[in-house]
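Below is one structure; the comments refer to it alone.
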Amino acid sequence: MRKEWTDARRLVVKIGSSLLIEPERGTLKSNWLRTLAQDIAALAGEGREILVVSSGAIALGRRALGLAPGRLRLEESQASAAVGQVALAHGYEALFREEGLVTAQVLLTLGDTEERRRYLNARSTIQTLFKLGVVPIVNENDTVATSEIRYGDNDRLAARVATMMSAHLLVVLSDVDGLYTAPPGANKEAHRIDEVRAITPEIEALAGATGTDYGSGGMVTKIEAAKIATAAGTHMVITSGRRDHPLRALGEGAPATWFPARGDPIAARKRWIGGALETKGALTIDAGAVAALGRGKSLLPAGVVAIEGRFARGDAVAIRGPDGREIGRGLVAYDSQDAGRIVGRKSGEIARILGYEGRAEIIHRDDMSLNLKGS
Ligand code: GLU
């Protein structure tokens, strides 16, 4: 089996509406979903962390509301999502519970994944769910997302969530088993591409527009998703979900199109933090803290001796050693005002000083890129 699969400790699985919803009756395909829950339980049993990005709220809700077939107005899709999300979450909760899995509903908007401060919140909440052994079920918060601030398709949302969580692999379960050289069905010569090493203009042209009645994404948004994922070090695979136990089948070598990423997601994230971000301030730390960071620890307020600049929570700041030399960069967990009040203090004192329970670290090690000598 492919390394991208066997090595994936953290997986994001994207499920499109057309797999989940019975087209005739507009209800959840519970039997299929049960087989997926069994696959996920088996993966969790191997010690893997799994997050599901699921569509289906609008398709379920519009049926419950009796809205006519065809395009919905924005307000109608928002109302449908509000109604359908309840049924969707209920379906997951009930079927996953049968397999001994605890689920959590996480509704995100574009801003939650793109704006740094909110991104850190979403990331750390999902991180905590993983630690507690929960399977987060993510969807876009369609009820509040309007067209300008909306993904509109769960392919790109899933790719952003996967990169935000430094997932190793994004599995896109689709109604087709991969990317074809021409529309399958219409063309006898059409064949599936096993592996896409680089997303060239030719590959993008192949994607064409292949939407179904239920999902909003065709191959175009899947290729967009592959670009987002692979650029951040997350592998992606498109495979068919039109069979029972689709993840087990993938693990056993089912037909698919693989998009391998170069590098790993943690390294890609650190590169992004270290290179691309403009810093809004600086934290000067003591020698003990420099040594701790060198051992892979997070930066605690107790190790900070001075702060400089005006920054918001989630901004990038420089980390300076006692001699003032920049030894790295990181995304800071407190704004400059609160950071100023807790420097030099023990993490246990934070709640009393600030009046709220903040994070123990001022910069978490995952949010840090270091250029210490010898590291
Ligand atoms: N968020 C939408 C829903 O739950 C689905 C978007 C998509 O189909 O990609 O209905």
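The values are calculated or read from the model by the stated rules, or taken from the named source; none is laboratory data. Remember, it's a predicted structure, so these values are computed and weren't measured experimentally. Cβ: placed from backbone, ideal geometry, glycine included. Neighbour counts: every protein chain shown. Note: areas computed on protein heavy atoms with side chains; ligands, DNA, RNA excluded. Shrake-Rupley method; radii C 1.70, N 1.55, O 1.52, S 1.80 Å.
Of all residues in region 43-78, those that are more than 19 Å from residue 127 (Cα to Cα) and away from the ligand (no atom under 16 Å from the Cβ) total 2. Within region 129-155, if we keep just the residues that are more than 26 Å from residue 44 (Cα to Cα) and among the acidic types (Asp, Glu), the residue that is surrounded by the fewest Cβ atoms within 10 Å (Cβ to Cβ) turns out to be 148.
Yes/no per residue for (1) among the hydroxyl-bearing types (Ser, Thr, Tyr); (2) at pLDDT 90 or above; (3) buried (at least 17 other Cβ atoms within 10 Å of the Cβ):
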{"position": "215", "(1), (2), (3)": "no, no, yes"}
{"position": "237", "(1), (2), (3)": "no, yes, yes"}
{"position": "241", "(1), (2), (3)": "no, yes, yes"}
{"position": "257", "(1), (2), (3)": "yes, yes, yes"}
{"position": "266", "(1), (2), (3)": "no, no, no"}
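Out of the residues in region 95-128 that are part of a helix (DSSP H, G or I) and among the hydroxyl-bearing types (Ser, Thr, Tyr), state the one that is least open to solvent (accessible area, probe 1.4 Å). That would be 113.
Please specify each residue of region 347-362 satisfying the condition of being in contact (Cβ under 8 Å) with a residue 24 or more places away in the chain and either open to solvent by 30 Å² or more (accessible area, probe 1.4 Å) or in contact with a Pro (Cβ under 9 Å, 6 or more places away or on another chain) (or both). Scanning region 347-362 gives 347, 350, 359, 360, 361, 362.
Condition check for residue 92 on (1) at pLDDT 95 or above; (2) open to solvent by 30 Å² or more (accessible area, probe 1.4 Å); (3) within 16 Å of the ligand (Cβ to nearest atom): one failure, at (2). The condition of being touching a residue at least 12 places away in the same chain (Cβ under 8 Å) and open to solvent by less than 10 Å² (accessible area, probe 1.4 Å) holds for only one of 83, 52, that being 52. Residue selection: residue 375 fails the criterion of being at pLDDT 90 or above and open to solvent by 20 Å² or more (accessible area, probe 1.4 Å).
Go through region 28-42 and report how many residues are among the acidic types (Asp, Glu) and within 13 Å of the ligand (Cβ to nearest atom). Outline the logic, then answer.
Going through region 28-42, the residues among the acidic types (Asp, Glu) turn out to be 39.
Restricting the remaining residues to those that are within 13 Å of the ligand (Cβ to nearest atom) gives none.
Number of matching residues: 0.
Of the residues making up region 134-188, those that are within 15 Å of the ligand (Cβ to nearest atom), part of a helix (DSSP H, G or I) and out of contact with any strand residue (DSSP E or B) (no Cβ under 7 Å at 6 or more places or on another chain) are 147, 149, 156, 160. Summed over region 3-18, residues that are open to solvent by less than 20 Å² (accessible area, probe 1.4 Å) and at pLDDT 95 or above total 7.
Of the helices (runs of 4 or more DSSP H) contained entirely in region 259-375, those carrying at least 1 residues that are of a type in the set (A, V, I, L, M) and within 22 Å of residue 166 (Cβ to Cβ) fall at 265-271, 287-294. Close contacts from region 331-346, counting a first residue that is within 14 Å of residue 279 (Cα to Cα) and among the β-branched types (Val, Ile, Thr) and a second that is open to solvent by 20 Å² or more (accessible area, probe 1.4 Å) and at pLDDT below 95, with Cβ to Cβ under 8 Å and a gap of 6+ residues or different chains, come to 332/313; 332/315.
The set of residues in region 165-181 that are in contact with a Leu (Cβ under 9 Å, 6 or more places away or on another chain) and open to solvent by less than 20 Å² (accessible area, probe 1.4 Å) comprises 165, 167, 169, 170, 171, 173, 174, 179.
Among the residues of region 4-27, which ones are away from the ligand (no atom under 16 Å from the Cβ) and among the charged types (D, E, K, R)? Of everything in region 4-27, those that are away from the ligand (no atom under 16 Å from the Cβ) and among the charged types (D, E, K, R) turn out to be 4, 7, 9, 10, 24, 25.
For region 141-167, enumerate the residues that are in contact (Cβ under 8 Å) with a residue 40 or more places away in the chain and among the acidic types (Asp, Glu). If the condition is that a residue be in contact (Cβ under 8 Å) with a residue 40 or more places away in the chain and among the acidic types (Asp, Glu), then 142, 153, 155 are the ones that fit.
Looking across region 137-187, just one residue is hydroxyl-bearing (Ser, Thr, Tyr) and on the phi > 0 side of the Ramachandran plot, and that is 166. Just one of the listed residues (291, 312) is open to solvent by 30 Å² or more (accessible area, probe 1.4 Å) and either over 28 Å from the mean Cα position of the chain (by Cα) or farther than 22 Å from residue 270 by Cα (or both), and it is 291.
So that you can scan it fast, the table gives a plain yes or no per residue for (1) among the small types (Gly, Ala, Ser); (2) at pLDDT 95 or above:
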site: 24; (1), (2): no, no
site: 39; (1), (2): no, yes
site: 47; (1), (2): yes, yes
site: 62; (1), (2): no, no
site: 70; (1), (2): yes, no
site: 85; (1), (2): no, yes
